[in-house]
Amino acid sequence: MKKIIFFFLLMTTVGFSQTTTVPSPALAEGPVTINFDKSGTPLAATTAIYAHIGVNVNGTRWQNTKGTWGTTNAPLLTLVSGTTYKLDLTPDLYTYFGVPTTSSITEICVVFRNANGSVQTSPDIFISVGNFQATLTSPVLYNTIINSGSSLTVAANNTNGNANYNLFANGTSINTFVGSSYSFTDNNILANKSYDLRITQGATTFSKKFTVIVNPGTVSETIPAGLVEGINYNTVDATKATLVLDAPGKDFIYVAGSFNNWQPGATYAMKKDATAGSTKFWLELTGLVSGTNYTYQYWVVDESPVSGSPVLVKTADPYSTLVLNKEDDPWIPAGNYPNLPAYPAGQDREVTVLQTGQTPYAWSAATTNFVKPEKDKLVVYEVLVRDFDANRSYQNLINKIDYFKNLKINAIELMPVMEFDGNESWGYNTSFHMALDKAYGPSSKLKELVDLCHQNGIAVILDVALNHAFGRSPMDRMWMNDPDGDGWGGPASDNPYFNVSAMHSYNVGNDYNHQLTRTKTYVKRVVKQWIEEYKIDGFRWDLTKGFTQNCPSAVAGGQDNCTNTIQQDRVDVLKEYVDYSWSLDPTHYAIFEHLGNDNEEQLWANYRIAETPSKGVMMWGKMTNEYNQLSMGYNSSNNIERMGYDAHGFTGKRVMGYAESHDEEQLMYKNVTFGLSSNPAHNVKNLNTALSRMSAIGAVSLLVPGPKMIWHFGALGWEKSIWTCNNGTVNSDYDGGVPPGDCKLDTKPQPQWVNNWLGDINRNKIYFDWAKMISLKTTEAVFNTNITANSGFDIQSGNTFTPKLFIWDNSMSATQLKNVVVLTNFDVNSQNVIPNFPYIGTWYNLMDNTSFEVTSTTATIAIEAGGYRIYGNKPSTLGTDTFEVNGEIYLYPNPATNYFTLNATTSKVEIYSITGQLVKSFNANQSKENQYPISDLNSGIYLVKAVDENNEQKVMKLLKL
């Protein structure tokens with residue numbers, strides 16, 4: 001039972017009539033072509049067919065698998081004709097799968113599937129390799145449990161005549177025989193033994209490996225005080241560490257690792273805690289060398305498991321902070337994770353890394369003294385590390401910190417970075433919630449990124465997927481239903497963490513039961529790890545609808561209806577979790593992706609907000625459809641009033657509204673694909689026209705009081721579909737893709753850097769307009785106004801092309817910016833918009849501080865198609881210290897490291913020190929968006945004088961980093 005990423009199991013049987021090989025039988029020493037006829041299989045309607053494929057190496061199936069399940073990072077079959085496809089394995093099976101020629105390949109293991117794995121052949125297909133075959137008939141189980149002093153009979157047979165048999169125990173030959181069948185009894189076994197029966201005929205050797213585990217007779221001893229589950233490092237003696245595992249229903253457990261050559265004896269049998277009612281096992285390791293990387297697993301034994309569950313499970317520590325995996329780790333670029341600890345040879349499954357004497361990360365004072373941005377002023381940038389830049393690493397974000405700084409956002413939200421299945425993922429298929437996934441870099445690099453963000457006033461929020469865990473999770477594997485014995489399976493009936501079947505309608509992976517004390521303990525340890533070890537400032541809790549036990553599939557009224565109705569158990573447990581996070585950090589951000597009914601969300605949004613510091617949970621506020629209707633030029637279903645917290649009935653500003661997120665289609669993609677094209681002069685399907693409309697989206701989203709979020713290059717007008725496949729095609733829910741939505745999780749290209757989008761005048765206008773708006777929001781007090789008798793805001797929307805936003809605070813002085821009027825026009829034609837200014841007089845365009853005389857509060861203002869205006873009763877106090885804007889000329893990025901750009905054609909550009917000395921000049925005519933190199937200048941403040949083509953001069957400040 002392989003891991004099925006989304007757990008859609010289609011039970012149609014695929015026989016070998018659909019799968020043949022050339023040659024037949026397949027030979028390991030040469031090329032093999034697999035032919036697959038999809039007719040009569042679940043894949044009959046699928047055009048792009050992928051193979052999840054591996055081999056049986058030395059008697060163990062599904063070794064050296066290719067690609068990543070649920071993605072297009074897998075072998076793609078070639079259409080031969082009609083319904084027949086083929087897959088060529090060249091130049092030979094050893095090379096193709098990366099198997100040493102000293103090993104034997106006896107089977108090809110394959111499952112054919114669509115791109116995301118939602119449709120697949122079943123059961124697994126096993127194709128024999130070679131004419132000479134051998135079978136182990138005894139022991140029946142690869143893992144046999146015996147009492148000390150017992151015996152084990154080993155029996156096998158082979159085809160194609162006599163073969164040489166050689167039985168090894170713990171690496172030493174103990175018996176040899178020549179014949180076509182074999183039997184030998186190993187008597188008086190006193191210690192664990194790893195057997196290897198090698199069966200040779202000519203140049204081919206089969207290796208049948210199996211294990212005998214001796215019941216050590218568990219020692220009962222009270223666990224030392226203060227120990228927690230997982231690794232407990234001895235703070236006084238770096239030669240010691242104590243392991244603790246909670247394992248209800250298990251009989252005995254060994255710790256196998258590099259410290260005992262993976263052959264644990266009685267001294268590595270864990271003790272059973274003697275405390276009444278305890279189900280914990282523990283073991284103190286001694287003789288460790290400080291600073292050395294050790295690896296280990298638990299060998300967990302249940303001598304009488306529930307039906308379908310294994311007797312022995314070898315698993316990493318569920319509380320691991322670093323795990324190794326032999327399938328994934330070789331594909332991690334060395335530059336992303338230098339000196340990655342080596343996976344131990346000869347082992348299988350994940351192993352935990354243990355290292356005593358670690359040097360703590362040296363956090364800067366910026367982190368230890370970090371004051372988080374106020375919740376109500378948050379502007380969060382959601383980012384997927386994998387798709388931020390081509391190297392897919394934390395270092396990429398570190399290198400481009402200016403991109404975030406110059407956009408003026410004050411928080412970054414990282415999509416999940418905990419250890420997930422595979423290397424190419426959004427991260428929601430988490431298996432080890434306390435371990436950092438290695439694909440993006442080591443622990444020190446994430447900490448460096450967090451520290452750098454804090455140095456620049458940017459909080460770091462982490463997306464956590466604690467509704468579920470996937471098949472590699474030890475909490476699943478130790479109590480799994482695995483009747484075919486391949487080491488994969490969903491939760492068994494005795495699982496002390498997971499539901500056998502999901503208790504809500506949105507499940508992926510294995511569904512945690514959050515009413516169980518063990519689950520709550522685990523979640524709180526995860527919370528503690530990321531707050532204390534990584535100084536994470538907040539969590540975005542994924543899929544909070546799943547934290548209920550009240551909605552089984554057969555519930556009256558339907559599971560989906562139940563899931564979307566208020567559930568008190570869910571309310572209570574999520575309050576318990578945020579209470580715990582606030583006990584560790586009173587200003588910690590809590591964000592729920594609930595997207596449910598306001599009545600349940602109100603209970604969290606209003607929770608503990610009257611305290612000092614104010615608490616309250618921020619709720620994700622999806623407004624994609626409404627804003628996309630506006631950006632595409634349609635005046636139906638575009639009411640954006642729910643971007644304000646008042647529309648939800650929340651007491652505090654707790655709606656983290658957004659027009660785009662990782663789960664929603666890019667606005668720009670739908671603009672250029674489905675935008676209104678009735679006006680040839682303003683055809684929204686035209687790229688630059690579509691880009692020109694995005695600044696207005698920011699005006700009526702970012703400036704609404706309360707926290708807001710933007711997504712992954714939306715500020716540069718990213719127009720690639722979220723459904724873009726690795727090969728550049730688009731396969732979505734709405735374009736007729738078969739099957740629909742295959743490529744949502746695929747790795748996306750990074751044209752924003754290769755094509756220098758920051759230097760594209762049409763794209764960087766969005767970036768700098770949004771940056772100005774974000775600065776207004778985070779620095780001008782009026783944008784943080786509350787709805788009171790004297791203050792408030794009003795989003796006037798409905799189904800209109802011209803939504804407006806009014807913000808006021810009459811308690812502020814008349815000399816302050818206390819009234820803001822935002823006007824927009826999302827029509828494809830110019831519109832005369834009635835502004836409804838609250839009073840006449842001099843107003844100011846807050847984007848450039850130019851004055852505007854209002855003689856009538858209702859006199860219309862002509863706004864171009866896709867345009868906007870932001871007016872205030874006073875100029876913005878930002879002036880030009882933060883944004884060098886002078887009329888239509890501006891300088892960016894600012895601060896800058898290597899170069900700056902001007903959005904105007906120039907005849908001369910001169911750079912002066914702050915004391916007036918000329919330090920650099922560019923005298924040749926330069927076009928718009930030319931890059932002026934400054935890497936040779938020392939860090940500091942400079943004055944830039946630009947002379948344009950009309951001989952007009954502009955002087956601007958520049959901060960060189």
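Return, in residue-number order, each cysteine of the chain whose C-beta is not under 4.7 Å from any other cysteine's C-beta. Cys109, Cys453 - these cysteines have no disulfide-compatible partner (Cβ-Cβ under 4.7 Å) in the chain. Within straight-line reach of Lys908, meaning a Cα separation under 17 Å, sit the following aspartates and glutamates at least 8 residues removed in sequence or on another chain: Glu929, Asp948, Glu949, Glu952. For the range 582-724, the alpha-carbon coordinates run over 57, 27, 24 Å along the three principal axes, in decreasing order.
Of the peptides 654-666, 677-689, how do they stack up when ordered by the mean number of other Cβ atoms within 10 Å, highest first?
Numbers: 654-666: 22.9, 677-689: 15.4.
Result, highest mean Cβ count within 10 Å first: 654-666, 677-689.
Between Asn727 and Asn234, the C-beta separation translates, for a Förster distance of 51 Å, into a calculated FRET efficiency of about 0.45.
As a check on your grasp of the helix formula, calculate [θ] at 222 nm for the chain: sum -39500 (n - 2.57) over DSSP H runs of n ≥ 4, divide by the residue count, round to the nearest 500.
Details: 17 runs with 137 residues, N = 961.
Value at 222 nm, helices only: -4000 deg cm²/dmol.
Percent of C-alpha pairs per 20 Å bin in the chain, short distances first: 12, 40, 32, 14, 2, 0. Candidate cross-link partners of Lys250 among the aspartates and glutamates, defined by an alpha-carbon separation under 13 Å and a same-chain spacing of 8 or more, comprise Asp273, Asp302, Glu303, Asp494. Between Asn923 and Ser813, residue separation times 0.36 nm minus the direct Cα-Cα distance comes to 34.9 nm. Taking a straight Cα-Cα cut-off under 25 Å and skipping sequence neighbours fewer than 8 places away in the same chain, the lysines within cross-link reach of Lys438 are Lys2, Lys3, Lys66, Lys314, Lys326, Lys400, Lys447, Lys524, Lys528, Lys535, Lys744, Lys748.
Might you report the magnitude of the Cβ-based charge dipole of the range 537-689 about its Cα centre, with Lys and Arg at +1 and Asp and Glu at -1, to the nearest 20 debye?
Numbers: 12 positive and 20 negative charges, 75 e Å.
Dipole about the Cα centre, nearest 20: 360 debye.
With contacts taken as Cα pairs under 8 Å and at least 6 residues apart, the chain reaches a relative contact order of 7 percent.
Descending by average beta-carbon neighbour count within 10 Å, the peptides 241-250, 421-430, 77-86 line up as 421-430, 241-250, 77-86, the highest first.
Cβ neighbours within 10 Å, averaged per peptide: list 575-582, 373-380, 88-95 in order, most packed at the top. List each step's numbers first, then the result.
Working: 575-582: 17.5, 373-380: 22.0, 88-95: 15.9.
Packing order, densest peptide first, comes out as 373-380, 575-582, 88-95.
Overall, the ratio between the Cα radius of gyration of the range 764-856 and 2.2 N^0.38 Å, rounded to two decimals, is 1.14.
In the range 438-526, the alpha-carbon atoms span a convex hull of 138 Å³ per residue.
Each reported figure results from applying straightforward, stated rules to the coordinates on display, with no laboratory input. This is a predicted model, so every value here is computed, not measured. Counting neighbours? That spans all protein chains shown, and the Cβs are built from the backbone with ideal geometry, glycine included.
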